[in-house]
DNA sequence: CTGAATCCGATTGGATACTG
DNA sequence: CAGTATCCAATCGGATTCAG
């Protein structure tokens, strides 16, 4: 791939390369509603589906499922299913998720201090 | 709230109020396409409308205007109009914009290293 | 040159009902 | 409990055209 390829040409930090500009994708992902908040709540520790639902007032089951699937697909969250009488599914941050949460934490901190 | 574990307890729960958590809004804002890239390109220094257009292949004038207006409205970018035969409009980062760009830079860096 | 105005298809998030 | 399946209104980003 050449540097003139428009799909990656605007990547700020890396000239060529296939996946050199993933940060844009991460921002788009985090920009989707609930994603950052889910990440945040999971930083307290493992949580079940229902617990997340309770902590995210207003989220619909469909959207919560979508978000969790996305988080798992990106390797930020693990999904552990426990087959039992009442089924249990536990979600927890991966190391990668913890790292990303750290960066988000800085944004939170900055946002607080930069409030008008 | 008693900061039993984290120091950002007030943010994640978004009640029906206006905007209780600025970081969420910032992420949503940055998640919109082009915004982060515009911020990034402006970190090189002041740029004119056309120069930004050239550096953002595929962006439409409408979207570029929208994005720039948003960036200005949020105090991240300044807009300086020069009345001349060919009108000139210069866009540049504010201190706030520089600060936010720094945080984004960390995401870029993390994204690079976590791709492998 | 720097936009504003319109139109449009695609995507999004949400409400609701239903299932293993 | 932990989702899936539909349906839907709103929003988004892009293309195009026009204007100061």
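Go ahead and run the numbers for FRET between residue A:62 and residue B:33, Cβ-Cβ distance against an R0 of 25 Å, rounding to 0.05. According to the calculation, E is roughly 0.55.
Projecting 7 Å from Cα along the Cα-to-Cβ direction, the label point of residue B:32 sits 1.9 nm from its equivalents in the other copies, listed shortest first.
Tell me, what is a quarter of the convex hull surface for the C-alpha atoms of the stretch B:27-116, in nm² with one decimal?
Dividing the Cα hull surface by four gives the mean projection, 6.4 nm².
Summary for residue B:60: label point 7 Å along Cα→Cβ; distances to the equivalent points in the other copies, ascending, 2.7 nm.
Here residue B:46 and residue A:25 are evaluated by their C-beta separation; at R0 = 25 Å the FRET efficiency comes out at 0.35.
Once the C-beta distance of residue A:85 and residue B:114 is scaled by a Förster radius of 41 Å, the resulting FRET efficiency is 0.60 to the nearest 0.05. Among A:81, A:112, sorting on how many other beta-carbon atoms sit within 10 Å of each Cβ, with the fewest leading, yields A:81, A:112. Label-to-label distance, residue A:53 versus residue A:69, with points set 7 angstrom from Cα along the beta-carbon direction: 1.7 nm. Ranked by the mean number of other Cβ atoms within 10 Å of their residues, highest first, the peptides B:62-71, B:28-37 come out as B:28-37, B:62-71. For peptide A:35-41, the mean count of partner chain Cβ atoms within 10 Å of a residue's Cβ comes to 5.
Inter-copy label distances at residue B:92, shortest first and taken from points set 7 Å along Cα to Cβ: 5.1 nm.
Using a 10 Å cut-off on Cβ to Cβ distances, tally the other chain neighbours for every residue of B:101-108 and report the average as a whole number. All intermediate terms of the calculation are to be shown ahead of the outcome.
On the way: counts 1, 2, 7, 5, 3, 5, 11, 11.
Neighbouring Cβ atoms belonging to other protein chains average 6 per residue here.
Taken together, the values in this text are just the output of simple stated rules run on the coordinates, not laboratory data. Small disclaimer: the values here were computed from a predicted structure and weren't measured. Here Cβ is always computed from backbone atoms with ideal geometry, including for glycine, and neighbour counts include all displayed protein chains.
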